[in-house]
Amino acid sequence: MQSEVTIHDKTFVPFISAEKIQERVKELGAEINKDYLDKRPLLIAVLNGSAIFMADLLRHIHTACEIAFIRVSSYQGTESSGKLKNILGLTDDLNGRHVILVEDIIDTGDTAKYLIDEINSKNPASLRFATILFKPAALRQDIKPEYVGFEIDPAFVVGYGLDYDGLGRNLADIYVLKS
Ligand code: 5GP
């Protein structure tokens, strides 16, 4: 782990080591194996941030499962409602499926809430949320992710899939903005 990482104009310091992340992801995989035995879950990863978590998590899932990848795009609406969101890539039939949404981080919970509502409208048999990081203090939606890697304070972090302005996703450890 590097003692400091500079990305663009900002400096980040070590926060969660790759070793700790890997241990925790293995535990989450074990929980999912137990909860979804013979249910053939469909894991849906939300790109780009969750690509690395998804790949690591899948290697610890030993029950039969399927995978899909989606993106959430934000665009300015023409009405006063302001920002609208849109899911790209959700082509699978979710009717009767056991869906696990895989995210990098839940901050305000706005993205998660939007995804939960959209996916629930497609009649899955069940829907749960897995996220590597969760900032409970920043949450403003009534949601509770079932599989959480680490609960953290609301500071800005990078690494393990998370970026700062496009960079830093490839760091194996998680770093936090130096105060
Ligand atoms: P929410 O909708 O829960 O407020 O935000 C979710 C999204 O905000 C995440 O998928 C991520 O892209 C971004 N985000 C929130 N907190 C952080 C953070 O600490 N670091 C980075 N890199 N992205 C974050």
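The values are calculated or read from the model by the stated rules, or taken from the named source; none is laboratory data. These numbers were taken from a predicted model, which means no experiment stands behind them. Ideal geometry is used to build each Cβ from the backbone, glycine not excepted, and the neighbour counts take in all protein chains shown. Areas reflect the complete protein model, heavy atoms only, side chains present, ligands, DNA and RNA absent. Shrake-Rupley method; radii C 1.70, N 1.55, O 1.52, S 1.80 Å.
For this structure, a couple of remarks:
- Computed from the alpha carbon positions, the gyration tensor of the chain leads to an equivalent ellipsoid with semi-axes of 26, 22, 13 Å, biggest first.
- Surface exposure of the chain, expressed per residue as accessible area with a 1.4 Å probe, stands at 52 Å².
- Choice from Thr131, Thr11, Thr111 showing the highest fluctuation, given a GNM over the chain with Cα pairs closer than 10 Å: Thr11
- Accessible-area composition of region 51-179, carbon plus sulfur, in percent [1.4 Å probe]: 47 percent
- Beta bridges from DSSP with both residues in the chain: antiparallel share about 45 percent, rounded to the nearest 5.
- Projecting the Cα atoms of Ile132, Gln22, Leu43 onto the charge dipole of region 1-149 (Cβ charges, centred on the Cα centre) puts Leu43 farthest toward the positive pole.
- Whole-angstrom gap from region 110-179 to region 1-59, using each part's C-alpha centre: 11 Å
- Each Lys and Arg contributes +1 and each Asp and Glu -1, all at the Cβ; summed about the Cα centre of the chain, the dipole is approximately 180 debye.
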